[in-house]
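> One structure, pasted below without further comment.
Just so it is clear, none of the values below were taken in a lab; they were calculated from the coordinates. Everything numeric here is computed off the predicted structure, so don't read it as measured data. When we count neighbours, we look across all protein chains shown, and the Cβ atoms used for this are built from the backbone with ideal geometry, even at glycine.
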Amino acid sequence: MEQEGFETIARDSAENGPLRAAEALIERLKADRSYPAVFEARLMLARYKLDLPLIPDDSLNVLEGEARDAYQQAQVEAAREVGELFLADGEIYSAWPYLRAVGETEPVRRAIEAFAPPAGDDAIDGVVQIAYNEALHPRRGFELILEHYGICRAITNFGQYPSDEGRGESTQLLVDKLSADLAASLKHTIEPKEGASPKTDSIAALIDGRDWLFEGAAYYIDTSHVASIVRMSLDWTDADEATLRKVFELTEYGRHLADMYQFPGESPFENVYEDCGLYLGALLGEAPDKAVEHFLNKIPTEPDPYGNIQAQALVRLQLRLGRKADALRTAMDHLWNVPPQRLSCPSIPLLCQMAGDPESLKELGRRIDDPLSFLAGTLGESR
């Protein structure tokens, strides 16, 4: 503030009183868009009216009764005012701390929904942080990541996303984007050879009968992106059928790629496109018995007390197919000696409960010398 500004404060105070001088300063701060200073000025004015220290000190931490309530209300009103000022200027990231502090997040969510920045806008990072990483508006946050940072960044962010909220929408956006980009690339290659662009966007239909597309180790989208999404899809228990269908078609595309692009996976999905394709196909109703047999054959013949991840994968598949009794039998045969902390599938007692099989719970109790499991099975039989 220039010297004239200080003289204006002094003159306003002398002519109109200190309260009018404070309000006049606040209006000038608003005009200058010095919104954090507006917040501090509002609180100073509240402390003046409540006869509290003008410069905050420890005494403010021990306020009681009406003084405490009045000062807290002043803090809420100041935060709301400044948050709304920032939002009016389109500064979502700056508004967020103030409105979050008073629990008024819906205006920020609405602003994020309407946020349509040009490429390279410095505000994008902050809005993505609020919308996606802090889960205020995950879908719009993930859209912004895809639109402005690309699919590689989107895959990284998706893999690190800390919440279940919004994951289903993000899954669909991610798969839709990759599938659309791949379809566009394939059609761009097909059109000059066949004289017309295919009318379908189905990856399976685009590659069907066109093995020439893959001659010379050709590929049409970053192969690591395809492999990453196919691997991640195995854990998408909330993905809709259309999304799973698109990932399944990505596995068909992946199987056509040259050997150098056949990325190795972890057991029992060593052959990413083959193994994941069977798994996803089973979920879509395509040869589920074949998939079950395929993964059953991957289970080691020797006992594996360290996890038996192959059997766990089969249990998860059988559960997703609605075959609870089969999942329980797989677990009883191969996982009875695996510590619960090593399981990525439901424990055997829980599987017994899910399958309505108290007799197997008693059998487990005898096998692992666990009287509580045996008791649970006994009680279950009496119901």
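> Report the full-extension gain for the segment Ser344 to Leu54: residue separation times 0.36 nm, less the Cα-Cα distance, to one decimal in nm.
Answer, rounded to one decimal: 98.6 nm.
> Helix 223-233 versus the longest principal axis of the chain: what is the Cα-based angle in degrees, 0 to 90, to the nearest 10?
90
> Under the definition of Cα pairs under 8 Å and six or more residues apart, what whole-number percent is the relative contact order of the stretch 229-383?
14
> Next question. Projected area of the stretch 166-261, taken from the Cα convex hull and averaged over every viewing direction, in nm²?
With the hull built on Cα positions only, its mean projection is 6.1 nm².
> Quick check on the stretch 285-324: take the gyration tensor over C-alpha atoms, sort the square-rooted eigenvalues as a ≥ b ≥ c, and tell me if it's rounded (a/c under 1.5), prolate or oblate.
It comes out oblate by the Cα gyration axes.
> A further question on this structure: Give me the net charge for the shell around Ser163: Cβ to Cβ below 13 angstrom, other residues only, Lys and Arg +1, Asp and Glu -1.
Taking every Cβ under 13 Å from that of Ser163, the sum is -3.
> How large is the helix-only mean residue ellipticity at 222 nm for the chain, computed as the sum of -39500 (n - 2.57) over DSSP H runs with n ≥ 4, divided by its residue count, in deg cm²/dmol to the nearest 500?
Roughly -20500 deg cm²/dmol at 222 nm, from the helical runs in the chain.
> Report the far tail of the P(r) of the stretch 18-136, meaning the percent of Cα-Cα pairs longer than 21 Å.
More than 21 Å apart: 47 percent of the Cα pairs in the stretch 18-136.
> By how many degrees, between 0 and 90 and to the nearest 10, does the Cα long axis of helix 18-31 differ from the longest principal axis of the chain?
50
> To continue, here is another question. Picking from Glu194, Glu113, Glu252, which is most flexible by a Gaussian network model of the chain using Cα springs under 10 Å?
Of Glu194, Glu113, Glu252, the most mobile in the Gaussian network model is Glu194.
> Rounded to whole Å, give me the distance from the Cα center of the stretch 171-200 to that of the stretch 360-381.
56
> Round to the nearest 10 and give me the degree value, 0 to 90, for the angle of helix 358-368's Cα axis relative to the longest principal axis of the chain.
Orientation of helix 358-368: about 90 degrees from the principal axis.
> Could you tell me the relative contact order of the stretch 266-328? Use alpha-carbon pairs under 8 Å, at least six residues apart, and round to a whole percent.
Value for the stretch 266-328: 29 percent.
> Across the chain, how many lysine pairs separated by 8 or more positions, or lying on different chains, have Cα atoms within less than 23 Å?
Lysine pairs satisfying the spacing and distance rule in the chain number 12.
> With the chain treated as a Gaussian network of Cα nodes joined by springs under 10 Å, which of Thr330, Thr237, Thr301 yields the largest mean-square fluctuation?
Looking only at Thr330, Thr237, Thr301, the biggest GNM fluctuation is shown by Thr301.
> Another question about this same structure. Springs between alpha-carbon atoms under 10 Å, Gaussian network over the chain: tell me which of Leu178, Leu45, Leu317 tops the mean-square fluctuations.
Between Leu178, Leu45, Leu317, it is Leu45 that shows the largest mean-square fluctuation.
> What is the magnitude of the charge dipole of the chain about its Cα centre, with +1 placed on the Cβ of each Lys and Arg, -1 on the Cβ of each Asp and Glu, and no other charges, expressed in debye to the nearest 20?
940
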